[in-house]
Every structure is written in structure tokens, then in C-alpha cells.
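Worksheet for the structure shown next.
Read-outs: derived from the displayed coordinates by stated rules, not from any lab. Because the structure is a prediction, the values reported are computed rather than measured. Neighbour counts are summed over all protein chains in view; Cβ atoms, including those assigned to glycine, are modelled from backbone coordinates with ideal geometry.
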Amino acid sequence: MHRDLLKPDEWRQKIRILKLGVIYPLSAKSILSFIGSAKQVLILEEHHPVVEMQVRSLVQMSGLVTTIFGKMDRCLSPTGEIFRWHLREVLGQLVPDLEVIGDFTFENEEKEKPKVKSYCEDCRYDEVLDLADKACYSLGLKPFYLGDPGCLVTVTGRIHAKYAMGSAVALASGFNKGETERFPIALFGDSSFFHSAIPAICDATHHESNILLILLDNGSALTTGGQIHPGSPGTAKCLSMTKIARKCGIAKVYEIELGTDKQLELMTEAVIANGLRLMRVIINNT
């Protein structure tokens, strides 16, 4: 970022930069050595001033007279991201004779922001709920959807309860024991399956819960950027979620690929069945 604001000779002569790879615990020796010969120190960090608080404490306990600037003294805004126009203004104030280059202004802030891909644009979870609705209502059942956080954010308005990772199965199991008229269906993603759904599945098996689990498999942790998980295709040791589910005591495991023939027939079969059963829905986003 500094290279966009200063000429090479300018920042090498008048500014020294210490980049931290670890912010806790801080390397007090390295930081004090760096600060010792400086009159002013500007600390750049986004969000809460965690590093700044620690550095201020180090400087005070070491008896240094170096002036610290950052978020705590409002030299930088305590909220939001740090853009190059922020640095342009701050450096201009702290080092008046510094030649700052680049046309970075508040008005052009939007141009500085990186383009972020929306991984939810092609989400097909509405199709899954439409399918489950058709299967349930054709049998005279009123579904009660309990979901895990994650990709289900795109269909939040259709979920009846959504709490923490791994909660969908546990809540559906408890809901079933309450002997209500609604038909509990637990919805969770493939990454959530590995994250914390497995213990809840074991518990539901132990309590012989009569619920349908719908595993939404899009092959990755798509909401947070498409990171892989132990069941992602192409990984070194791709684990089978259906095999794990069977080992956890689920006797009836179904699989459909969204958009293919017989998906409604298989979903209806899963709804009709008794006991703890799992429907794995393979979702290939377009």
C-alpha cells in the first residue's frame, strides 16, 4: 500500500515499516527495537486496536518517549476499513515534507475496494425447499424446517428455526420428542456436517428420533469462499458423508442430484419412511 503513495527513495529515507505476522503474543523485543529510534509511530490495523493497545503499553512500561498514533487517539477512524486516502491524509499530517503521490480521495473510495464475488448468486436452496414442500404437502404433512447457519442464509425467510452450527439435527430431534403436529426436517450443509452435525446425528440415533435430515452438498464451504472440507471432491482423502452417516446409525440414506429425474419420487419416499433417515442432495450450482 505504501508503494502506491510514496516514491521508493521517499519512503526508504523517511519511513520505516514493521509488518507483524503474529499479533498475539507480540514480540516485545522486536517491536521495542524498531520503535526505539523513532520519534513517531503510526499503527495501522483494521477493526479493534488490539496491537495498538499492546504497543502503547510496551512503550509506557519501557519509558520510551515515542509518540504513538492510531485509532485510540482518533488519528485513524476507529471503524471501517483503512484505504489509501486515509494514509494519504495521515501521512500528510505527520510528515508534512513527505511527497505523497496518487489520486486517492474519499470520493474515489469505491474504486479502491476489491471486487468481491458473491458465492450465493446461483444458490439453488429454494429448489430444495420447493421439493421438500411438494413431498410433504402431497402426504398431508406440514414441514417444520430447522437449519444450520451458512448457505441457508439465502432461504432464511423459509426456515422456521436457525441457531448455531450443528443445531439443526439436535433441534429437530428434540422437536420430534415434543410430539407436535408438524413434521421436523433438519437442513445442514456438507461443511456443517463435518463441523458439528455428526455428534448431533449420533445423539438422534441414540434417542431413536423420527426425523428427516437433508444434507445439502455443494462440495465446499461456499458461503465463506468455497474452501474445501474433508468430503470435497478431489481432496487427498475424500470422506464419504453417506458412509459416515450409516456408521452413525442411520439405516436409510437417500441420494439425489438436484434437477434430475425421480427427485420428487425419492424425496417423497424419504418423507414417508420412519425413523432417522438422511437425504443427501447433490447441488451443482450453475
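If you take the beta carbon distance between ILE82 and TYR163 as r and set R0 to 35 Å, what does 1/(1 + (r/R0)^6) give as a FRET efficiency, to the nearest 0.05? The partial results should precede the final answer.
On the way: r = 34 Å, r/R0 = 0.97.
Plugging the Cβ-Cβ distance into 1/(1 + (r/R0)^6) gives 0.55.
Within a straight-line Cα-Cα reach of under 19 Å, LYS237 can be paired with the following lysines, leaving aside sequence neighbours fewer than 8 residues apart in one chain: LYS247.
Full extension of the chain between LYS111 and ASP73 yields a length gain of 10.9 nm, computed as 0.36 nm times the residue separation minus the alpha carbon distance.
Computed from the C-beta positions of THR180 and GLU208, the FRET efficiency with R₀ = 22 Å rounds to 0.80.
For VAL50, the shell of other residues with beta-carbons less than 15 Å away shows a net charge of -1, using +1 for Lys and Arg and -1 for Asp and Glu. Using the alpha-carbon positions of segment 13-142, Rg (one decimal) and Dmax (whole number) come out as 24.1, 78 Å.
Largest mean-square fluctuation among MET72, MET165, MET241, in a Gaussian network model of the chain whose springs join Cα atoms under 10 Å apart, belongs to MET72. Once you have the Kirkwood Rh of the chain from its Cα pairs, apply Stokes-Einstein at 10 °C and 1.306 mPa s and quote D in µm²/s. Roughly 69 µm²/s, to the nearest whole number. Over the chain, DSSP H runs of length four or greater, each weighted -39,500 (n - 2.57), average out per residue to a 222 nm ellipticity of -9500 deg cm²/dmol. The largest-to-smallest principal axis extents of the Cα set in segment 155-286 are 42, 33, 32 Å.
Kirkwood Rh and Cα-based Rg: tell me the resulting Rg over Rh for segment 190-261, rounded to two decimals.
Details: Rg = 13.0 Å, Rh = 13.3 Å.
Ratio of gyration radius to Kirkwood radius for segment 190-261: 0.98.
Relative to the dominant Cα principal axis of the chain, helix 84-94 is inclined by about 30°. The convex hull defined by the C-alpha atoms of segment 39-100 has an orientation-averaged projected area of 4.2 nm².
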